[in-house]
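A quick write-up on the structure given underneath.
The values are calculated or read from the model by the stated rules, or taken from the named source; none is laboratory data. Only a predicted model underlies this, so the values are computations on that prediction, with no experimental measurement involved. Note: ideal-geometry Cβ built from the backbone for every residue, glycine included; neighbour counts use all protein chains shown.
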Amino acid sequence: MKPYKNKINRIRSFALSLIFIGVVIMYIGIFFRNNEIVMLSFMVLGVLAIIASTVVYAWIGSLSTRAVQIQCPSCGRHTKMLGRVDMCGHCREPLTLDPSLEGKEFDEAYNRPKAKSTKTQKEAK
Ligand SMILES: [Zn+2]
């Protein structure tokens, strides 16, 4: 299996796992019924995890409005991509918006800004 996933899908599964973690934490809290403080802190932690996942979901919403929707050349389905390179959400085909990167091997490093050190060196001269 390819190591990379479509970014929006990846964030979405992270938000989903946060909900599960929150529910599990609250469930653990039930076992501490005899100790109110411990139970309450578990409940608060669980609620915080669920709130965090809501925040992440809202963040995905704002990301997908900015994401570019394209038709995947491999499976023909529509997918949203973030950054210069991303994966198709359905078939994991590497996609790029930059024609200069076309045909090159997929590398998430293309999304990172180019090394800052060379830029600052130029500015110093
Ligand atoms: Zn595809």
Subset of segment 84-108, residues within 8 Å of the ligand (Cβ to nearest atom) and out of contact with any strand residue (DSSP E or B) (no Cβ under 8 Å at 6 or more places or on another chain), comes to Cys91, Arg92
For Trp59, work out the one condition from (1) part of a helix (DSSP H, G or I); (2) touching a residue at least 60 places away in the same chain (Cβ under 8 Å) it doesn't fulfil. (2)
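Name the residues in segment 49-83 that are of a type in the set (Ser, Thr, Tyr) and either within 16 Å of the ligand (Cβ to nearest atom) or farther than 30 Å from Ile25 by Cβ (or both), would you?
Selection gives Thr65, Ser74, Thr79.
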Out of segment 92-117, which residues are outside any loop (DSSP other than H, G, I, E, B) and either acidic (Asp, Glu) or modelled with pLDDT of 70 or more (or both)? Pro94, Leu95, Thr96, Pro99, Ser100, Leu101, Glu108, Ala109, Tyr110, Asn111
By residue number, the members of segment 54-77 that are small (Gly, Ala, Ser) and either over 26 Å from Arg92 (Cα atoms) or touching a Ser or Thr at 6+ places or on another chain (Cβ under 8 Å) (or both) are none
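Report, by residue number, each residue of segment 25-50 that is among the hydrophobic types (A, V, I, L, M, F, W, C), out of contact with any Phe, Trp or Tyr (no Cβ under 7 Å at 6 or more places or on another chain) and either surrounded by 12 or more Cβ atoms within 10 Å (Cβ to Cβ) or closer than 24 Å to Asp86 by Cβ (or both).
Those that are among the hydrophobic types (A, V, I, L, M, F, W, C), out of contact with any Phe, Trp or Tyr (no Cβ under 7 Å at 6 or more places or on another chain) and either surrounded by 12 or more Cβ atoms within 10 Å (Cβ to Cβ) or closer than 24 Å to Asp86 by Cβ (or both): Leu40, Met43, Val44, Leu45, Val47, Leu48, Ala49, Ile50.
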Is it true that some residue in segment 30-38 is modelled with pLDDT under 95, touching a strand residue (DSSP E or B) at 6+ places or on another chain (Cβ under 6 Å) and of a type in the set (A, V, I, L, M, F, W, C)? no
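Among the residues of segment 71-101, what is the count of those that are among the aliphatic types (A, V, I, L, M) and exposed (fewer than 15 other Cβ atoms within 10 Å of the Cβ)?
The number of residues fulfilling the criteria is 1.
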Regarding segment 8-24, can at least one residue be identified that is aromatic (Phe, Trp, Tyr), assigned to a helix (DSSP H, G or I), modelled with pLDDT of 90 or more and surrounded by 12 or more Cβ atoms within 10 Å (Cβ to Cβ)? yes
Thr120 fails exactly one of the following numbered conditions: (1) in contact with a strand residue (DSSP E or B) (Cβ under 8 Å, 6 or more places away or on another chain); (2) modelled with pLDDT under 85. What is the number of that condition? (1)
